[in-house]
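*Asks:* Following this message is one structure expressed as structure tokens.
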Amino acid sequence: MQYNHLDIEKKWQKFWKENQTFKASNESDKPKYYVLDMFPYPSGAGLHVGHPLGYIASDIYARYKRHKGFNVLHPQGYDSFGLPAEQYAIQTGQHPAKTTEENIATYRKQLDAIGFSFDWSREIRTSNPEYYKWTQWIFIQLFDSWYNKDTDKAEDVSTLIKIFKTSGNATVKAVSDEEITIFSADEWKAFSKIEQEEILLQYRLTFLSDTEVNWCPALGTVLANDEIVNGVSERGSHPVVRKKMTQWSMRISAYAQRLLDGLEKIDWPQPLKDSQTNWIGRSQGAMVSFNVDNGSEKSSSEVKLTYKELEALKELRQNLSKAETILWDELKNKKGASKFRKKYTISTFLVDYVCIAKNIIIEFSGKEDEAARTEFFNNEGFNIIRFTNEEVIENVLGVVSKINSAIQFPKIVEKTTKNKEIIKEENKYKIDVFTTRPDTIFGVSFMTLAPEHELVSKIITDAQKAAVEEYITATAKRSERDRMADVKTISGVFTGAYAIHPFSGKKVQIWIGDYVLANYGTGAVMAVPCGDQRDYDFAKHFKIPIPNIFEGVDISEAAHIDKDGTVIANSDFLSGLKYKKALKLSIYEMEKRGFGYGKINYRLRDAVFSRQRYWGEPFPVYYKDGMPQMIAAEHLPIVLPKIEKYLPTEDGKPPLGNATEWAWDSRAKKVVSNDKLKNKTVYPLELNTMPGWAGSSWYFNRYMDATNSNEFASKESLEYWKEVDLYIGGSEHATGHLLYARFWQKFLFDKGIVPVDELAKKLINQGMILGTSAFVYKTTAFVRNGCGCSDEKSNDDILNKIPTVIVSKSLFNSDDEFESVVKNYLIDNNFLNPNFADLIMITKTALHADVSLVNTSDELDVKAFKNHALNSEYKNAKFILEEGVYKVGREVEKMSKSKYNVVNPDAICATYGADSLRLFEMFLGPLEQAKPWKTSGISGVSSFLKKLWKLYFNGDVFKVSDEAPTKDALKILHKTIKKVEEDIENFSFNTSVSTFMIAVNELTALKCNTREILTPLTVLVSPYAPHIAEELWSLLGNKESISTVDFPIFEPKHLVESAKNYPISFNGKMRFTLELPLDLSKEEIEKTVMENEKTIAQLEGKTPKKIIIVTGKIINIVL
RNA sequence: GCUCAAGUGGCGGAAUUGGUAGACGCGCUGGAUUCAAAAUCCAGUUCUUUCGAGAGUGUGGGUUCGAUUCCCACCUUGAGUACCA
């Protein structure tokens, strides 16, 4: 019986399907193992041979684990929302669901042909309403949560509201919007519902905000940072501009530190971890405030407080003394114009209570700086009333009545002069900067603000106004892309204003420059030209002084960036210190003096979650009085509405703006026609949809209980499967899918929905399979300029006679050779008059030829090439052949349709079989590495399978002997078991394929056909080549599938050797080998070796200096 | 620029607690079989060579009895990222 892969593969694929061989159970005595592939987006082009690489590797591992006695979950599904289907819909009007459905059918057929052991009963599709119902549900969970920094996890918003009700927001440590106003419990209660919702939105993990987004006009949508490559869209390379829009965002920044920490406990590739680490971009340093100089010594009355001071203030407000509490209990109920605030700051003074509307300050007497306070407050027009602690405790009512009379009869106070007013205006500015090198603060010689910085317009002097405004206009015109591309040009302009160095008190110039980015840090930097190259270049360019604060370092040519080993100088209290100490001390001093504090900054930005697309998950959101409202979970899914046109509306709304039935009836609890919007209980629904990463951020959990319609997944199934044990996919998802998915997983963990906070224990990035493109070399003929024959007509005549010539690869090595080969051909065939030969110039163009037209020896099927639909213009081209054939040039490139180098797995399966494809893809090289595909190589694995098959046959008859196997055969078998097991555990699949080949070659040489050898051998190859293994297994007399048969056990006793063929080397160079028994002592070995005639020949009469003998390994003679 | 990975025959690649470099396969060469081809089988295939042997894992150094493997410097290629303060 011949090995017929077509019949065998079809037979077993049918068997597996009918018997549900790979259906995983959520209940089992076996240990669990979860093997997952990154699910594909079903594109219209179908799979090429590069796509299944990772699936084959994971399938081998899954099958291996089944043999090892594990209950294996190995599911597959489709990431079926996405732009291509929508683009296609825009062009053709066909509903994306239909396109998607068709593409999935193709994918499924292709996947089935390769013989994967997927549990298809758990298939999921992100575009299926039964699936995205739960994506919407997770969105609601995020909306209902806030991040509590004290417990370091996400909590339900109800806990936040409780805190607001009892003590306001001053004590809350949360990840929230930056501009948060402090309010008390009473103020909270007094807020309207809408005001409360607005405040809560500043804390929710998914929130609406006006964000500057990457708007792509050509695609009509917003793109995430990772969807932009070199300033243009990843898809279609369209230009991208910055634009402000109201968008849903995800507060992923709350998880920055945990996303970083989590990397340490997962076994993921280092490069992937590195790129996540870079993406999160943690930098440790300090936040420092510089006051803007106002020409006067006096500090302002409305100075913003530093972060540290604000923190301290919150503390103070919470911990009032006994007397303070008694008085506050009386004052806090005053409303309207007589409203009092406690522990309020006026300028740099902290006052106990203040009524701003009536200019009344109430303080406890006995403060150290009382005189200064009185003077300052009087100057500012306040009426100061002071009490002692005792007065308040003993007679609070008397105190209150004094206050009341002050409210009723306000003291007429002298207002500050107009002049002072102006100074105050100038006074209130302060520039916050983030720096990673606070130790170099004495090296600051100027400051730079981003052109977009809000302070710029406020601090510029009249003299510089025109120059600054001109500069700002000029930078605004330059696109982000230009600014990125042009890093070398130094530009900037002086604002005319100065800042005060917080330590030295010296004045430093404030500049603006576009090397400072508005959206990183605070959009301002303290420039230390001696320690930062960009600051250095800027200073040099504008001739700003460059003070040197490093001991014994030359900074005449470039900045000194090294921090280790450098000693700080000229820096007051930091002088003489090294980096680490200086860093600590500088931060300590800043915190003590109150203008700076240690801070950790992250590059990771909150993720924009809205897309102006149709083919994505609709938000479960409607708007009431402009505020977003969640639709209750029991009414999900909110299904995508039908629309006529998939483009944005004419007034710029997203495609869902075209829907006629897209309003929420809050009474009937259903989506209704837009006509009903005039009703009081009907509200407009959200028009954006979710981005591509929404559905893929939690799908691995859904597989655990894919058909559950009541829950996201049952508690038991989540508890059983926990996380993915092995996840295989491409490295291109490093900062997209894999970061967002880890974020959601941590969130779901915080909320107690999933039991683990990392989604995959181990992850492997499979490398890309590259295509081997084929090239033909085409001529283009020109008439040389200035050749003397100015008659244009005759030029045309010469050219018209010349046909397109296509030259075989090996006929030329250079362009010159190419030209002469072609000319000779043209002359020989009378296409060119030899007299004109010098007038003609021939150039070479390499053209992609479809790889399917080329055989394994790089020979082009010329006839098929000419008849190929794509090559109609070369129908009459002349081919210069070598030895009767046309040889193409080869080059390795990414596999793509446009390069005509795509190889279809279906064709490979049909010709060589799925088992050959599986073996070959593994045999190409290490899984993680990029490697080129060459179809010719597949004959090696194909003939291996034939040889394997032959071991079980005598001619056409299946014949396996029941005799005892020979020692040699057992040795081969166990050597193979050991190696294959090690290889699979190490994901070194390429080497185990060679091991199989060696085993089969050796067993064939021994003519071994004993059952005792062939039975375990069948199991060994089964993960790699499951179809042939099943067939041989059943021929061996088994009724059940091979899939869960125990993996053979390695027995070391079969590998024990009695002798070793020692390599004998001289000075480390191996010269010959010598077979010696292993039980020989070192002395005996030395004696035997030294007596050997080859040794004597090598020695040439010299005496060895030393003889190294490593028993069982090597003998080295040192001369 | 920064971070990471990798450089081994004509090609894909193998070999690391430092111990016979080039396993296995492709391709190529020769042979057998065949009318012929495909398929199959056998032999050879790193380079140089005066056929004794010698050199050799990107380059140059180092450690070692011994280095593809460890250390230092450099070169090249690929990937990611970027005025990130």
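*Asks:* Kirkwood hydrodynamic radius of region A:428-602 from all distinct Cα pairs, in Å? Before the final figure, lay out each step's value.
*Replies:* Numbers: mean 1/r = 0.0595 Å⁻¹.
Averaging 1/r across every pair of different Cα atoms and inverting gives 16.8 Å.
*Asks:* Would you be so kind as to identify which of A:Ile568, A:Gly940, A:Gly626 lies farthest towards the positive end of the dipole of chain A, taking Lys and Arg as +1 and Asp and Glu as -1 on Cβ and the Cα centre as origin?
*Replies:* After comparing all options, I get A:Gly626.
*Asks:* Sticking with this one: So if R0 is 25 Å, what FRET efficiency would A:Ser237 and A:Thr489 give, r being the distance between their Cβ atoms, rounded to the nearest 0.05? Show your work: numbers first, answer last.
*Replies:* Numbers: r = 25 Å, r/R0 = 1.00.
Approximately 0.50, to the nearest 0.05.
*Asks:* Among A:Tyr41, A:Thr135, A:Tyr107, whose Cα sits farthest toward the positive end of the charge dipole of region A:8-141 (+1 at Cβ of Lys/Arg, -1 at Cβ of Asp/Glu, about the Cα centre)?
*Replies:* The Cα lying farthest towards the positive end belongs to A:Tyr107.
*Asks:* If you don't mind, another one. Specify which residue in the list A:Val724, A:Gly695, A:Ser673 is farthest towards the positive end of the charge dipole of region A:660-768, using unit charges on the beta carbon of Lys, Arg (+1) and Asp, Glu (-1), about the Cα centre.
*Replies:* Projecting each Cα onto the dipole axis, the largest value belongs to A:Ser673.
*Asks:* Here is a further query. At 1.4 Å probe size, with the rest of the protein present, what percent of the exposed accessible area of region A:1017-1112 is carbon and sulfur atoms? Mind showing how you got there, number by number?
*Replies:* On the way: 2740 of 5380 Å².
The computed percentage sits at 51.
*Asks:* What trypsin sites (Lys or Arg not before Pro) in region A:927-981 are in a loop by DSSP, with at most 13 other Cβ atoms within 10 Å of the Cβ?
*Replies:* On the way: sites: A:Lys934, A:Lys946, A:Lys947, A:Lys950, A:Lys959, A:Lys967, A:Lys971, A:Lys975, A:Lys978, A:Lys979; in loops: A:Lys934, A:Lys959.
Sparse-neighbourhood loop trypsin sites (Lys or Arg not before Pro): A:Lys959.
*Asks:* How big is region A:1059-1118 on each of its three principal axes, counting only the C-alpha atoms and giving the largest first in Å?
*Replies:* Here the spans come out as 30, 19, 18 Å, largest first.
*Asks:* Additional query: What percent of all Cα-Cα pairs in region A:769-894 falls into each 10 Å bin, going from 0 up to the bin containing the maximum distance?
*Replies:* Over region A:769-894, the share of Cα pairs per 10 Å bin runs 12, 41, 31, 13, 3, 0 percent.
*Asks:* Still on this structure, I have one more. Sticking with the crude label model, points 7 Å out along Cα→Cβ, report the distance from A:Glu130 to A:Asn4 in nm, one decimal please.
*Replies:* 3.9
*Asks:* Okay, next question. Give the cross-link partners of A:Lys580 among the aspartates and glutamates, using a straight C-alpha distance below 19 Å as the criterion and excluding same-chain residues fewer than 8 apart.
*Replies:* A:Asp439, A:Asp532, A:Glu551, A:Asp562, A:Asp564, A:Asp572, A:Glu589, A:Glu591
*Asks:* Still on this model: Can you give the charge dipole size of chain A about its Cα centre, rounded to the nearest 20 debye, using +1 on the beta carbon of Lys and Arg and -1 on the beta carbon of Asp and Glu?
*Replies:* The calculation lands at about 940 debye.
*Asks:* Find out how many positive minus negative residues lie around A:Val1110, taking Lys and Arg as positive, Asp and Glu as negative, among other residues whose Cβ is under 11 Å from that of A:Val1110. Write out the running numbers ahead of the final one.
*Replies:* Working: positive: A:Lys1060, A:Lys1082, A:Lys1113; negative: none.
Once all neighbours under 11 Å are counted, the net charge is +3.
*Asks:* Among the lysines, select those whose C-alpha is under 22 Å from the C-alpha of A:Lys899, and discard any that sit fewer than 8 residues away in the same chain.
*Replies:* Counting by Cα, and skipping residues close in sequence, A:Lys899 has these lysines nearby: A:Lys778, A:Lys809, A:Lys844, A:Lys863, A:Lys866, A:Lys875, A:Lys887, A:Lys931, A:Lys934.
*Asks:* Could you list log10 I(q)/I(0) for region A:352-412 at q = 0.14, 0.16, 0.27, 0.28 Å⁻¹, which the Debye formula gives when each Cα is one point scatterer?
*Replies:* Rounded to two decimals, the profile gives -0.39, -0.51, -1.22, -1.26.
*Asks:* Just in region A:1038-1101: which GluC sites (Glu not before Pro) are loop by DSSP and have at most 16 other Cβ atoms within 10 Å? Show your work: numbers first, answer last.
*Replies:* Details: sites: A:Glu1040, A:Glu1057, A:Glu1075, A:Glu1083, A:Glu1084, A:Glu1086, A:Glu1091, A:Glu1093, A:Glu1100; in loops: A:Glu1040, A:Glu1057, A:Glu1100.
For GluC sites (Glu not before Pro) across region A:1038-1101 that sit outside H, G, I, E and B with at most 16 neighbouring Cβ atoms in 10 Å, the list reads A:Glu1040, A:Glu1057, A:Glu1100.
*Asks:* Quickly rank A:634-645, A:167-178, A:1011-1022 as a protection proxy: mean count of other C-beta atoms within 10 Å, highest first. Don't jump to the answer; show the numbers that get you there.
*Replies:* Working: A:634-645: 15.2, A:167-178: 16.8, A:1011-1022: 21.5.
Final packing ranking: A:1011-1022, A:167-178, A:634-645.
*Asks:* Give A:Lys599/A:Lys722; A:Lys11/A:Lys642; A:Lys1053/A:Lys1087 a once-over and call out the pairs whose C-alpha atoms are over 32 Å from each other. Write down the numbers at each step before the final one.
*Replies:* Working: A:Lys599/A:Lys722 36 Å; A:Lys11/A:Lys642 43 Å; A:Lys1053/A:Lys1087 30 Å.
Result: A:Lys599/A:Lys722; A:Lys11/A:Lys642 exceed 32 Å.
*Asks:* How big is region A:968-1040 in terms of Cα radius of gyration and Dmax, in angstroms?
*Replies:* Expressed in Å, the Cα Rg and Dmax of region A:968-1040 come to 12.0, 33.
*Asks:* Along the Cα→Cβ direction, 7 angstrom out, place labels at A:Ser936 and A:Lys1007. What is the inter-label distance in nm?
*Replies:* Those two pseudo-labels are separated by 3.6 nm.
*Asks:* Hey, another quick one. What FRET efficiency would be calculated for the residue pair A:Thr966, A:Ile1049, taking the C-beta separation as r and a Förster radius of 22 Å, to the nearest 0.05? Spell out each step's value before the answer.
*Replies:* Details: r = 20 Å, r/R0 = 0.89.
Taking R0 as 22 Å, the efficiency between A:Thr966 and A:Ile1049 is 0.65.
*Asks:* Could you work out the pair-distance distribution P(r) of chain A from its alpha-carbon pairs, with 20 angstrom bin width and percents rounded to whole numbers?
*Replies:* Pair shares across the bins are 9, 27, 31, 22, 9, 2, 0.
*Asks:* Calculate, in nm to one decimal, what A:Lys1105 and A:Ala633 gain on full extension: separation in residues at 0.36 nm each, minus their alpha carbon distance. Show your work: numbers first, answer last.
*Replies:* On the way: separation 472, 0.36 × 472 = 169.92 nm, distance 8.49 nm.
Going from the current span to full extension adds 161.4 nm.
*Asks:* Tell me, how many Å apart are the Cα centres for region A:613-631 and for region A:814-833?
*Replies:* Value for the Cα centre distance between the two parts: 70 Å.
*Asks:* Further, regarding this structure: So what's the net charge close to A:Asn4: Lys and Arg +1, Asp and Glu -1, counting the other residues with Cβ under 13 Å from its Cβ? Write down the numbers at each step before the final one.
*Replies:* Details: positive: A:Lys10, A:Lys11, A:Lys946; negative: A:Asp7, A:Glu9, A:Asp915, A:Asp956, A:Glu1031.
For residues surrounding A:Asn4, the net value is -2.
*Asks:* Compute the distance in nm between two label points, each set 7 Å from the Cα along the Cα-to-Cβ direction, one at A:Thr649 and one at A:Arg108.
*Replies:* 3.7
*Asks:* Still on this structure, please answer the following. Mind checking which aspartates and glutamates have their C-alpha under 19 Å from A:Lys334, skipping anything on the same chain fewer than 8 residues away?
*Replies:* Cα-Cα hits under 19 Å: A:Asp186, A:Glu187, A:Glu324, A:Asp352, A:Glu363.
*Asks:* Roughly how much of A:Ser192 is accessible, in Å² to the nearest 10, using a 1.4 Å probe?
*Replies:* The accessible area comes out at roughly 50 Å².
*Asks:* Follow-up question, since we're still on this one. Debye calculation, C-alpha points only, no solvent: report log10 I(q)/I(0) for region A:531-667 at q = 0.10, 0.11, 0.13 Å⁻¹, in the same order as the q values.
*Replies:* -0.64, -0.65, -0.70
*Asks:* Still on this structure, I have one more. Output the relative contact order of region A:955-1102, whole-number percent, from Cα pairs under 8 angstrom with separation of 6+ residues.
*Replies:* Values: 124 pairs, mean separation 30.1, N = 148.
After rounding, I find 20 percent.
*Asks:* Normalised by the residues of chain A, what does the relative contact order come to in percent, with Cα pairs under 8 Å and at least six apart? Don't skip to the end; give the middle numbers.
*Replies:* Details: 1900 pairs, mean separation 143.0, N = 1119.
With pairs under 8 Å counted, the relative contact order is 13 percent.
*Asks:* I would also like to ask the following. For region A:641-688, give the magnitude of the charge dipole about the Cα centre (Cβ charges: +1 Lys/Arg, -1 Asp/Glu; no others), in debye to the nearest 20. Spell out each step's value before the answer.
*Replies:* Working: 9 positive and 7 negative charges, 65 e Å.
With only Lys, Arg, Asp and Glu charged at Cβ, the dipole is about 320 debye.
*Asks:* Follow-up question, since we're still on this one. What's the FRET efficiency of A:Asp838 with A:Leu870 using the Cβ-Cβ distance as r and R₀ = 35 Å, to the nearest 0.05? Provide the component values of the computation, followed by the final result.
*Replies:* Numbers: r = 35 Å, r/R0 = 1.00.
With R0 = 35 Å, the Cβ-Cβ based efficiency is 0.50.
*Asks:* Taking the convex hull of the Cα atoms, report for region A:38-80 its projected area averaged over all directions, in nm².
*Replies:* Numbers: hull surface 13.1 nm².
About 3.3 nm², averaged over all directions.
*Asks:* Could you derive backbone 3J(HN,Hα) for region A:743-760 from the dihedral phi with the Karplus parameters 6.51, -1.76 and 1.60 (θ = phi - 60°), listing whole Hz in sequence and x where the residue is Gly or Pro?
*Replies:* 3J(HN,Hα) across region A:743-760, in whole Hz: 4, 5, 4, 5, 5, 4, 5, 4, 7, x, 7, 10, x, 10, 9, 10, 7, 9.
*Asks:* So what's the Cα pair-distance distribution over region A:641-688, bin width 5 Å, in %?
*Replies:* Percent of Cα pairs in each bin: 5, 26, 28, 20, 14, 6, 1.
*Asks:* Same structure, new question: Quote the charge dipole size of region A:612-736 about the Cα centre in Debye, to the nearest 20; the model charges only the Cβ of Lys and Arg (+1) and of Asp and Glu (-1).
*Replies:* 580
*Asks:* Helix A:1011-1021 versus the longest principal axis of chain A: what is the Cα-based angle in degrees, 0 to 90, to the nearest 10?
*Replies:* So the helix axis and the longest Cα principal axis differ by about 40 degrees.
*Asks:* Further, regarding this structure: What do you get for the angle between helix A:307-318 and the principal long axis of chain A? Use alpha-carbon atoms, 0 to 90 degrees, nearest ten.
*Replies:* Result, in degrees: 60.
*Asks:* Label 7 Å along Cα→Cβ of A:Asp906; region A:23-50 residues with amide nitrogen under 20 Å?
*Replies:* Residues A:40-50 fall inside that zone.
*Asks:* Using the alpha-carbon centroid of each, what span in Å lies between region A:491-556 and region A:1016-1080?
*Replies:* Distance between centres, Cα-based: 68 Å.
The values are calculated or read from the model by the stated rules, or taken from the named source; none is laboratory data. The structure displayed is predicted, hence computed values, not measured ones. Backbone-built Cβ (ideal geometry, glycine too); neighbour counts: all protein chains shown. To get the accessible areas, we keep the full protein, side chains included, count just its heavy atoms, and leave off ligands, DNA and RNA. Shrake-Rupley method; radii C 1.70, N 1.55, O 1.52, S 1.80 Å.
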